[in-house]
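Please read the structure below before turning to the comments.
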Amino acid sequence: MTRLLKYFSCFTAIVVCSVMLDSVQAQTIEGVTYSIISDKDFRDVKRSIDVRLDKKVSVEVLRAMARKLKNTKRKKYERTFIGYYLPNMEAGVGAWATSHFDPELEVRILGLTAEEEEKMARAAKSTSRDVVGIWMDDRPYVGATITIYRENKKVFLESKYKDGSGSIEEMTETQSTIGTKLVEKGGNPHGEYFVLDKKGNLQAGGNDGIFLNYKKLQ
């Protein structure tokens, strides 16, 4: 019994420490919850921080968050680089935004802002086409709505970017066990294709398989 109580006490201490660690990692600033994914440094030359955000935020919030993160260590660095990732984004593969002290603070949003996404989604939905579905490609430096629609018994895929530019491609469709496979009419030189599954989710694939999941808007 004594040994059992000892094990229980150790287990309880571990759980409490874990909860405390999580509470330290998950923080809030101006109504935004964030956590530090990684925090690495090289002597007093450079510090690199990856941060997970629970939602998109403004440049002003990023600026305040950057200053707070920079001051979490007493040690001073010549440069501090901070990358911000949204939920479901893979860290290290391209941040949604950055706030770099190089050495002065510069904040950049590389993906779509919340306002830009809302505006583009509203424009994409304002159509009289026979729409199959509408999705968002919110990758950094891309930012586009993807609309699949039917016209004259043909299927088309339209990409529309935030600057108003875009393209429309006629697609050929074949059925598979996971859903509908869409390929540019005449084929794609890079072997790329789209898959529309039975739940209405759109994915992009290539020779090495699926590499992108789009955010569903409609």
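The values are calculated or read from the model by the stated rules, or taken from the named source; none is laboratory data. Keep in mind that what you see is a predicted model, and the values were worked out from it rather than measured. Neighbour counts are summed over all protein chains in view; Cβ atoms, including those assigned to glycine, are modelled from backbone coordinates with ideal geometry. Just the protein is used for accessible areas: all its heavy atoms, side chains included, with ligands, DNA and RNA removed. Shrake-Rupley method; radii C 1.70, N 1.55, O 1.52, S 1.80 Å.
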_Qualifying positions in segment 109-126 - surrounded by 13 or more Cβ atoms within 10 Å (Cβ to Cβ) and either under 24 Å from Lys70 (Cβ atoms) or among the polar types (S, T, N, Q) (or both)_ = Ile109, Leu110, Gly111, Thr113
*asked:* Condition first: part of a loop (DSSP other than H, G, I, E, B), open to solvent by 40 Å² or more (accessible area, probe 1.4 Å) and more than 15 Å from Pro103 (Cα to Cα). Now tell me which residues in segment 57-74 satisfy that.
replied: Ser58, Thr72, Lys73, Arg74
_Residues that are small (Gly, Ala, Ser) and not in a loop (DSSP other than H, G, I, E, B): does segment 128-138 have at least one?_
yes
*Counting just the residues of segment 188-202 that are open to solvent by less than 40 Å² (accessible area, probe 1.4 Å) and outside any strand (DSSP E or B), which one comes out farthest from Val131 (Cα to Cα)?*
Gly191
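For Thr98, state whether it is open to solvent by less than 70 Å² (accessible area, probe 1.4 Å), under 22 Å from Ile29 (Cα atoms), out of contact with any Gly (no Cβ under 7 Å at 6 or more places or on another chain) and not in a loop (DSSP other than H, G, I, E, B).
No, not satisfied.
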*Quick one: which residue in Arg150, Arg129, Arg122 is over 28 Å from Gly92 (Cα atoms), within 21 Å of the chain's Cα centre (by Cα) and without any contact (Cβ under 8 Å) to a residue 40 or more places away in the chain?*
Arg122
*State all residues of segment 127-141 that are open to solvent by 10 Å² or more (accessible area, probe 1.4 Å) and of a type in the set (A, V, I, L, M); if no residue qualifies, say none.*
Val131, Val132
*Can you tell which of Leu53, Leu112 is closer than 19 Å to Asp39 by Cβ and out of contact with any His (no Cβ under 8 Å at 6 or more places or on another chain)?*
Leu53
_Leu112, sole failed condition from (1) free of Cβ contacts under 8 Å to residues at least 12 places away in the same chain; (2) closer than 21 Å to Met136 by Cα_ = (1)
_Selected residue (criterion: least open to solvent (accessible area, probe 1.4 Å)) from residues of segment 142-160 that are of a type in the set (D, E, K, R) and touching a strand residue (DSSP E or B) at 6+ places or on another chain (Cβ under 8 Å)_ = Glu158
*(1) open to solvent by less than 10 Å² (accessible area, probe 1.4 Å); (2) assigned to a helix (DSSP H, G or I): which one isn't true of Ile82, the others all being true?*
(2)
*asked:* I'd like the residue in segment 161-182 that is among the hydrophobic types (A, V, I, L, M, F, W, C) and in a strand (DSSP E or B) and, out of all such residues, is most open to solvent (accessible area, probe 1.4 Å).
replied: Ile168
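Take Thr145 and decide whether it is among the hydroxyl-bearing types (Ser, Thr, Tyr), part of a strand (DSSP E or B) and modelled with pLDDT of 95 or more.
When the stated conditions are applied, Thr145 passes them.
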